[in-house]
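Report on the structure given below.
The values are calculated or read from the model by the stated rules, or taken from the named source; none is laboratory data. Please read these numbers as outputs of a predicted model, since none were measured by experiment. In this analysis, Cβ positions are derived from the backbone assuming ideal geometry, glycine residues included, and neighbour counts consider all displayed protein chains. To get the accessible areas, we keep the full protein, side chains included, count just its heavy atoms, and leave off ligands, DNA and RNA. Shrake-Rupley method; radii C 1.70, N 1.55, O 1.52, S 1.80 Å.
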Amino acid sequence: MTNNAPSENLPIIHDGIIDPPHDVEVLSADEFKLAFRNHPAGVAIVTADAGKGPVAMTVTSVFSVSAEPPLLVFSASAQSSATPTIAEADTVVIHLLGADQLHLAKLAATSGANRFPDDIAWEKLPTGETVYSEAHAWIRGRTVNKLKAGNSTVFLIEALEAKTPAEGSSELDASAAHPLVYHNRTWHKLDSNSKLDA
Ligand SMILES: Cc1cc2nc3c(=O)[nH]c(=O)nc-3n(C[C@H](O)[C@H](O)[C@H](O)COP(=O)(O)O)c2cc1C
């Protein structure tokens, strides 16, 4: 066995799909969901365009992996209509939402909804991607790796460009920013009431 060979106790990857070893009893889906019920997550929207028009999908699976190099990941379910386009596009835009963008989060999570209607402000970047103008922060990045995991694909994104809160903006002040959070199937707004005096 070389140092790179998988340990017998680690999950096996077959055709990009992670399979647990057959002799290991895994958690039921219900128990798994219950364990995560009290684990809140920030809300983001991923947009992508593979040349046939933009798609948008609300996600809570975004997390930052490394600042140097600038890497993040998110996962996209095979059941989400935007996933094939996200997989085909070279680049994506990840919008990190505040509570005042709740309507965008709901829109991009609604099956069958037009994600770019006339009453929502969106624009094309010079590089071709579509962004929601209202988002205080977004990151444009390119997919550098994909991992099929169960019924989802995990996308590893290298950040190329970002829109960040303007200098002097209240968004830069953690106590004034109002991130949009999803917890126990409910939308939440972080504000001074949620701040702990630690
Ligand atoms: C708060 C929230 C978080 C979500 N996070 C993800 C996610 O991380 N990955 C994913 O594939 N779908 C996620 N979804 C589901 C997609 O947003 C949803 O399936 C999709 O947009 C529904 O539209 P569709 O029928 O066009 O796919 C999430 C939905 C909500 C409401």
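Average accessible surface for the chain: 63 Å² per residue, computed with a 1.4 Å probe over protein heavy atoms with every protein chain in place.
Kirkwood radius, region 31-184, all distinct C-alpha pairs, inverse of mean reciprocal distance: 16.0 Å.
Note on Ala113 and Ala149: with the Förster distance fixed at 35 Å, the Cβ-Cβ geometry gives a FRET efficiency of about 0.85. Mean-square fluctuations from a GNM of the chain, with a 10 angstrom spring cutoff on Cα atoms, peak among Pro69, Pro40, Pro54 at Pro69. Only one residue of Ala113, Thr164, Ser152 has its Cα farthest out toward the positive end of the dipole of the chain, where Lys and Arg carry +1 and Asp and Glu -1 on Cβ, and that residue is Ala113. Could you sort out which of Lys106/Lys148; Lys52/Lys146; Lys33/Lys146; Lys52/Lys189 sit more than 32 Å apart by Cα distance in this structure? In this structure, Lys52/Lys189 lie more than 32 Å apart at Cα. At R0 = 22 Å, how high is the FRET efficiency between Val26 and Val65 if r is their beta carbon distance? Nearest 0.05 is fine. Calculated value: 0.30.
Between the exposed loop cleavage positions of the chain, defined as trypsin sites (Lys or Arg not before Pro) in a non-H, G, I, E, B DSSP state with at most 11 neighbouring beta-carbon atoms within 10 angstrom, the longest gap is 53-184. Taking the 1.4 Å solvent-accessible surface of the chain as the whole, the part contributed by carbon and sulfur is 54%. Using a 10 Å Cβ count of at most 11 others and DSSP loop calls, identify the longest part of the chain lacking such GluC sites (Glu not before Pro). For GluC sites (Glu not before Pro) (loop position, at most 11 other Cβ atoms within 10 Å), the longest site-free span of the chain is 26-166. Length available on full extension from Lys106 to Gln79: 0.36 nm per residue minus the Cα-Cα distance, which gives 8.0 nm.
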